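Here's the structure we're looking at; comments come further down.
The values are calculated or read from the model by the stated rules, or taken from the named source; none is laboratory data. Here the structure is a predicted model, which is why all the values come from computation and not from measurement. Cβ atoms come from the backbone with ideal geometry, glycine included; neighbour counts cover every protein chain shown.
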Amino acid sequence: MKKPVPVTFESKGANIHAIFYRALGVKPLPTVILCHGFPGNDGDVFGLGERLTKEGFNALVFNYRGSWRSEGQFKDANSLEDVISAIRYVKSGSVVQEFNVDPSRIALIGFSYGGGMALLGSLSDVSVKRVVDIAGGNLGEAGRMMKQSDGFRRAIEKSIEEGASSSGLRVNPKEVIIELLADPDKYDFVKHADGLSSKDILIIGGWRDQEADIEHHILPLFRALQRHGAKQVQIEIFDSDHSFANVKGQLVDRILSWLKTPSKTTTAR
C-alpha cells in the first residue's frame, strides 16, 4: 500500500480538501468515494480508506465545503454538489492516469449525513452503479419532522451549532434549516427511490441507533426500493448504535465482501 496522498479538487469555485488512498495494481482499479457524516473529521471513514487499498480498491475521502480544511460555506446544497464534484474529479483524465482509476467502476460509501449525500449524489452519474448507505439520515424526513415540531427544530439547530463549535464548521444553522424546509423532497432519498432502484445498494443500520433509527431512515428506503423493483439491494442491521463502535470490524468486513462481489448492474434506466 502506498502512502495516502493529500489532494484538492474544485467544487463550484471552492477548493475541497481530500485524501487519495492509492491501491497497487497494473490494471485500472475500482475506486470508492467516502462521504463523511456531520461534521465529519479530517481523516478516514471507519478506516475504510486504508483497508480498501489493501483489497485492491482506490479510495478518496474528502471534506464538504465549509468543513475542516475545505473552503466555502457548509450547506446541504453545497455538500451534494461536492459529492458530484468528487465523482467528476476521480473520473477526470489526469486522475485516471495518475491513480490508475477505472472510471466505469466508481462506488460511493457514506456514513450518517454522508449516507444520504452518497445516495443522492449517485443519481448524477449513471456510471456510478454501487452505493453503500451506512445509517444514512433522511434529511427530507428530518425536514418534515421540524415542520411538525418546534422542539425538534430547535434540537436540530443546537446540533448544528455544536458541530460547528467542535470542528470549526463554517455554517449558519438557521440558513441550513430554512433551505431544508423550503424543499425537503429534494433531499429525501425515499422520494428518489425510482432512480436509485437501478443501482446496487447496500443499506446498513443499527437496531439501537437513535439518530438514524431504522423505522424512519432505514426501512422506508429499503421498502421504497422494493416497490420500484430494485433487484440489487441488500440490507444489514447490526446490534449497535449510531457509532457502530462495537461492530466496526464486522461492518468493514461486510462492506468489503459486498464490494468484492461482482456487480450485476450493467445498465441504468
**Item:** I203 vs. criteria of a type in the set (A, V, I, L, M, F, W, C), surrounded by 17 or more Cβ atoms within 10 Å (Cβ to Cβ) and touching a residue at least 40 places away in the same chain (Cβ under 8 Å)
**Value:** yes
**Request:** Name the helices (runs of 4 or more DSSP H) wholly inside region 51-123 in which the number of residues that are in contact with a Gly (Cβ under 9 Å, 6 or more places away or on another chain) is 2 or more.
**Result:** 76-91, 113-122
**Request:** Run down D102, D133, D76, D125 and say which single residue is surrounded by fewer than 21 Cβ atoms within 10 Å (Cβ to Cβ), at pLDDT 95 or above and in contact with a Leu (Cβ under 7 Å, 6 or more places away or on another chain).
**Result:** D102
**Prompt:** Tell me, which residue of region 88-99 that is out of contact with any helix residue (DSSP H, G or I) (no Cβ under 7 Å at 6 or more places or on another chain) and buried (at least 20 other Cβ atoms within 10 Å of the Cβ) is modelled with the lowest pLDDT?
**Reply:** F99
**Request:** Being touching a helix residue (DSSP H, G or I) at 6+ places or on another chain (Cβ under 6 Å) and surrounded by fewer than 17 Cβ atoms within 10 Å (Cβ to Cβ) is the filter; apply it to region 216-234 and report the residue that is modelled with the highest pLDDT.
**Result:** H228
**Which listed residue is within 23 Å of A14 (Cα to Cα) and either surrounded by 14 or more Cβ atoms within 10 Å (Cβ to Cβ) or not basic (K, R) (or both), from G115, G143** = G115
**Request:** Go through region 20-45 and count every residue that is touching a helix residue (DSSP H, G or I) at 6+ places or on another chain (Cβ under 7 Å) and either surrounded by fewer than 19 Cβ atoms within 10 Å (Cβ to Cβ) or not in a loop (DSSP other than H, G, I, E, B) (or both).
**Result:** 8
